[in-house]
Amino acid sequence: MKRLVIAVWMMSAGAASAGPPYLSDDPQPTDYQHFEIYAFGQATRAAAGTAGSTGIDFNYGGLPNLQLTAVLPLEYDEVGHTGIGNVELAAKYKFLHQDDFGWDIAVFPRVFLPSASRIVGDDHASFALPLWAEKDIGKWSLFGGGGCVLNRTATTQNYCFGGWAVTREVAEGLRLGVEIYHQGASDKGGKVSTVLGGGITYDINANYHLLAYGGPGLENAAETGRQTFYTAILFTF
């Protein structure tokens, strides 16, 4: 299950104002012909130990309203195994806009390739199809949504997820937020999970940004995660 919490964070690549560091994503694609590169680390602690990943999350604005994403994670499990995890390829397309519709809405299909190491990560491919929405009101932003993951094998199953976050700019370049996030069981006989988290983003300047997130598990925490953490440096240009 914790590997799927890791995967959900890989599903969260967007503008610095929302999306990362939260589990819920936003519908904002990377600006046309611009780059967003996250150097990230994350961990989930449960009764069996701590598992997590570090890596690079690369995003490029390939067309107006279209973001292309590739994520290369180095994962570690509870007993100390380390290796390349599930490489991800994705594309985010925003098809509705607040100016016309009242909400920004985007679809963000993602493919997770089988783990190259065969030690950590999943040894099979999976496919996620989420829908994300956002509403901005002054210095406040409300964003979230959800979707489902095709993940069926002999020991795993398809599951769905969803969450919502609210953030506020409390000072120039500084945003604070809170989130509730729920995920179904990814393994047959596994447990569902719910996380309550808080996040912070700080814009050092137009090109460098700091992100952090943490929070407790509220549901089946011993099995799915008592605490979750995420930190990243975001480079935009």
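The values are calculated or read from the model by the stated rules, or taken from the named source; none is laboratory data. Only a predicted model underlies this, so the values are computations on that prediction, with no experimental measurement involved. With ideal geometry, Cβ positions are generated from the backbone for all residues, glycine too; neighbour counts draw on all protein chains shown. What goes into the accessible areas is simple: the full protein's heavy atoms, side chains included, and nothing from ligands, DNA or RNA. Shrake-Rupley method; radii C 1.70, N 1.55, O 1.52, S 1.80 Å.
Below is a table of values for the structure above.
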| item | result |
| --- | --- |
| Identity of the residue in segment 113-133, under 17 Å from the mean Cα position of the chain (by Cα) and open to solvent by less than 10 Å² (accessible area, probe 1.4 Å), that ends up farthest from G80 (Cα to Cα) | W132 |
| Boolean, D77 is farther than 17 Å from G145 by Cα, open to solvent by less than 60 Å² (accessible area, probe 1.4 Å) and in contact with a Pro (Cβ under 9 Å, 6 or more places away or on another chain) | no |
| Unique residue being surrounded by fewer than 15 Cβ atoms within 10 Å (Cβ to Cβ), hydrophobic (A, V, I, L, M, F, W, C) and more than 22 Å from G147 (Cα to Cα) when the list is I200, I204 | I204 |
| Given (1) assigned to a loop (DSSP other than H, G, I, E, B); (2) in contact (Cβ under 8 Å) with a residue 40 or more places away in the chain, number of the condition R152 does not satisfy | (2) |
| Residue within segment 38-57 that is assigned to a strand (DSSP E or B), charged (D, E, K, R) and closer than 25 Å to W164 by Cα present | yes |
| Enumeration of residues in segment 134-157 that are surrounded by fewer than 20 Cβ atoms within 10 Å (Cβ to Cβ), under 30 Å from D100 (Cα atoms) and either at pLDDT below 95 or of a type outside the set (D, E) (or both) | K135, I137, G138, K139, W140, L142, G146, G147, C148 |
| Some residue of segment 36-48 being at pLDDT 95 or above, out of contact with any helix residue (DSSP H, G or I) (no Cβ under 7 Å at 6 or more places or on another chain), under 25 Å from F229 (Cα atoms) and open to solvent by 70 Å² or more (accessible area, probe 1.4 Å) | no |
| Those residues of segment 157-172 which are in a loop (DSSP other than H, G, I, E, B) and over 21 Å from G146 (Cα atoms), in sequence order | E172 |
